[in-house]
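Just below is one structure, and these are the notes that go with it.
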Amino acid sequence: MTAQSRLSFRLIIVSNRGPYNLHTTQQGLRREKTVGGLVTSLLPMVESLGGVWVAAGDPEGRYPSRPGRPSFDLRYIHLTPEQVQGHYHGLSNAALWPLCHYFLDHVHYDDAQWQIYEQVNQQFAQVALEEARSDDVIWVHDYQLARVPHYLRHERPSARIAFFWHIPFPSVEVFRTLPWRRPFLESLLACDWVGFHIPEYARNFMDTVHNVLGADVEDEFVYYAGRTTRVLARPIGIDDCAVSHQARSRRTVQRVERLRQTLKEKKVILGVERMDYTKGILERIQAMERLLELKPELYGQVSLIQIAIPSRMKVQAYRRKKREIDEIVGRVNGRFSDGIWMPIRYLYHSFSPAELVAYYRAADIALVTPLRDGLNLVAKEYVASRVDADGVLILSEFAGVAYQLPEALLVNPYSTEDMVAALVQALEMSKNEQRRRMQAMQDRIKTQNIAWWAKEFLDRMSSLIHPE
């Protein structure tokens with residue numbers, strides 16, 4: 001596939017969240033880049049190809065690219081408070097999110113929220129069709145917009161439609177509890193191709209469409225209702241060069257020195273997560289407590305820095321989880337702290353990417369132990385930041401990224417015993433062993449970086465425009 005053929009079409013990106021927050025000021029409209037893996041991954045692609053990014057946002061409207069700026073336009077859709085509550089906080093995050101992460105006790109199915117979800121998805125599809133030319137590829141992203149392809153295909157049968165599902169896709173036994181399982185699956189099969197991070201999620205999807213819809217499945221292809229859908233597994237990458245460059249910068253080195261001087265502990269363990277019940281923060285702190293019970297010689301010698309970034313606090317399950325974590329942090333620090341040393345340093349606020357890189361470099365051990373995660377880019381960013389190829393990554397076997405980073409210490413985050421054993425191994429690991437493991441992981445994330453991920457999908461999109 002030549003570069004010219006890849007660049008002979010535009011992208012219409014459709015996602016719940018856009019690449020910029022827009023702010024009205026006296027000087028005019030100011031764009032503030034949003035932080036997140038989706039934006040970081042897609043922005044270079046849409047900048048190079050051109051097109052339109054359709055997302056929920058205010059103020060509503062179309063915002064053309066500016067001279068000398070990225071060559072794509074924004075199209076923002078205003079959602080009412082009732083739509084945000086029913087679509088985002090409701091069906092998306094009170095039903096689909098816990099369902100796909102196997103937290104069935106958190107799932108809440110509501111017919112009224114389903115109707116709002118349908119309404120919002122139809123609204124997104126209509127705007128995308130207004131923006132899409134005949135040769136454009138419409139690329140829809142994630143579980144919040146799973147019904148968009150249905151409306152796209154219904155209104156424009158010839159449309160070229162792709163979808164990427166960024167969270168885990170659960171087993172058929174779990175997914176079939178969804179009352180609206182057939183319309184969800186049929187909508188995804190309205191796409192020309194559907195992407196997932198790892199083979200496990202792709203297999204789960206194909207098993208589900210076969211068992212629920214009776215679709216025919218062969219290799220990477222699903223045949224249903226006269227259409228063929230290709231199913232791909234490609235884990236999203238990071239810009240490893242940018243992370244490594246940031247880690248080597250003078251400002252980062254100064255931040256690391258200040259952090260280490262402030263902490264004074266000989267060993268620093270780091271956890272970085274959104275505040276979410278799927279991330280295993282509570283289990284991580286329980287493991288730290290058990291480690292100190294078993295290894296009193298570690299008093300004053302090691303601390304866990306737990307960064308918890310506020311998220312979805314309008315959802316009751318998230319507020320409840322935060323209270324539980326607040327309480328256990330207070331209890332563990334009250335039990336073991338000597339007034340100067342604290343075993344848990346709990347930071348509940350947002351951090352810039354540059355600030356996080358400083359924490360990555362300062363940490364001897366990264367504890368990335370979600371109970372279930374679609375991929376997890378924190379693990380990759382920690383590896384990319386280790387410019388001396390040292391440090392230890394402890395990684396949940398239930399994070400999708402474990403498929404790419406088998407040299408990490410893989411653990412069952414539900415097992416306190418397993419977590420403690422991994423922490424002891426990490427604390428005692430020789431520098432040579434650290435470098436052997438870290439270099440192997442660094443080589444892989446350099447090979448399978450964001451440019452690799454983008455090329456994989458650009459080639460597939462080009463085949464929709466230029467069939468072989």
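Just to verify a result, which residue in segment 180-195, among those that are under 24 Å from the mean Cα position of the chain (by Cα) and in a helix (DSSP H, G or I), is farthest from Phe164 (Cα to Cα)?
Arg181
Tell me which residues, restricted to segment 254-266, are among the basic types (Lys, Arg) and either part of a helix (DSSP H, G or I) or crowded, with 20+ Cβ neighbours inside 10 Å (or both).
Taking segment 254-266 first, the residues among the basic types (Lys, Arg) are 255, 258, 260, 264, 266.
Arg255, Arg258, Arg260 - these are the residues of segment 254-266 that are among the basic types (Lys, Arg) and either part of a helix (DSSP H, G or I) or crowded, with 20+ Cβ neighbours inside 10 Å (or both).
Do we find that Arg386 is of a type outside the set (Ser, Thr, Tyr) and closer than 23 Å to Ile236 by Cα in this structure? Walk me through it before giving the result.
Details: of a type outside the set (Ser, Thr, Tyr): yes; closer than 23 Å to Ile236 by Cα: yes.
Considered against the rule, which asks whether it is of a type outside the set (Ser, Thr, Tyr) and closer than 23 Å to Ile236 by Cα, Arg386 comes out as yes.
Give the number of residues within segment 401-430 that are β-branched (Val, Ile, Thr), in contact (Cβ under 8 Å) with a residue 60 or more places away in the chain and in contact with a strand residue (DSSP E or B) (Cβ under 8 Å, 6 or more places away or on another chain).
Taking segment 401-430 first, the residues β-branched (Val, Ile, Thr) are 401, 411, 416, 420, 424.
Going one step further and asking which of them are in contact (Cβ under 8 Å) with a residue 60 or more places away in the chain, we end up with 401, 416, 420, 424.
Now narrow it down to the ones that are in contact with a strand residue (DSSP E or B) (Cβ under 8 Å, 6 or more places away or on another chain): 401.
The number of residues fulfilling the criteria is 1.
In segment 332-346, is there at least one residue being under 28 Å from Asn93 (Cβ atoms) and among the small types (Gly, Ala, Ser)?
First, the residues of segment 332-346 that are under 28 Å from Asn93 (Cβ atoms): 344, 346.
From what is left, the residues that are among the small types (Gly, Ala, Ser) are none.
Within segment 332-346 (the criterion being under 28 Å from Asn93 (Cβ atoms) and among the small types (Gly, Ala, Ser)), the answer is no, since none of the residues qualifies.
With the condition being crowded, with 16+ Cβ neighbours inside 10 Å and in contact with a Pro (Cβ under 8 Å, 6 or more places away or on another chain), I'd like the strands (runs of 3 or more DSSP E) fully within segment 15-116 carrying at least 3 qualifying residues. Steps first, answer last, please.
Working: elements: 20-25, 28-33, 51-56, 61-63, 72-77.
Filter on segment 15-116 gives 72-77.
Condition check: touching a Leu at 6+ places or on another chain (Cβ under 8 Å) and part of a loop (DSSP other than H, G, I, E, B). Does Ile325 satisfy that?
Values: touching a Leu at 6+ places or on another chain (Cβ under 8 Å): yes; part of a loop (DSSP other than H, G, I, E, B): no.
So Ile325 fails the test.
From Val120, Val140, which residue is closer than 30 Å to Glu173 by Cβ, in the same structural domain as Val172 (by TED's automatic domain parsing) and either outside any helix (DSSP H, G or I) or in contact with a strand residue (DSSP E or B) (Cβ under 6 Å, 6 or more places away or on another chain) (or both)? Let's see the steps before the verdict.
On the way: Val120 fails: either outside any helix (DSSP H, G or I) or in contact with a strand residue (DSSP E or B) (Cβ under 6 Å, 6 or more places away or on another chain) (or both).
Just a single option satisfies the conditions, and that option is Val140.
Take the residues of segment 196-253 that are in a loop (DSSP other than H, G, I, E, B) and among the small types (Gly, Ala, Ser): which is surrounded by the fewest Cβ atoms within 10 Å (Cβ to Cβ)? Spell out the reasoning first.
Just the residues of segment 196-253 that are in a loop (DSSP other than H, G, I, E, B), to begin with: 197-198, 214-215, 219-220, 225-226, 234-239, 249.
Retained after the next criterion (residues that are among the small types (Gly, Ala, Ser)): 214-215, 225-226, 237, 249.
Working: Gly214: 8, Ala215: 19, Ala225: 9, Gly226: 5, Gly237: 24, Ser249: 14.
The selected residue is Gly226.
Quick one: count up the residues across segment 427-443 that are of a type outside the set (S, T, N, Q) and surrounded by fewer than 17 Cβ atoms within 10 Å (Cβ to Cβ). Give the derivation first.
Pass one, segment 427-443, residues of a type outside the set (S, T, N, Q): 427-429, 431, 433, 435-438, 440-441, 443.
Then drop every residue that is not surrounded by fewer than 17 Cβ atoms within 10 Å (Cβ to Cβ), which leaves 428, 431, 433, 435-436, 440, 443.
Going through segment 427-443 one residue at a time, the tally reaches 7.
The values are calculated or read from the model by the stated rules, or taken from the named source; none is laboratory data. This structure is a prediction, so every number in the text was calculated from the model and none was measured. Don't worry about glycine lacking a Cβ; one is built from the backbone with ideal geometry, like all the others, and counts go over all protein chains shown.
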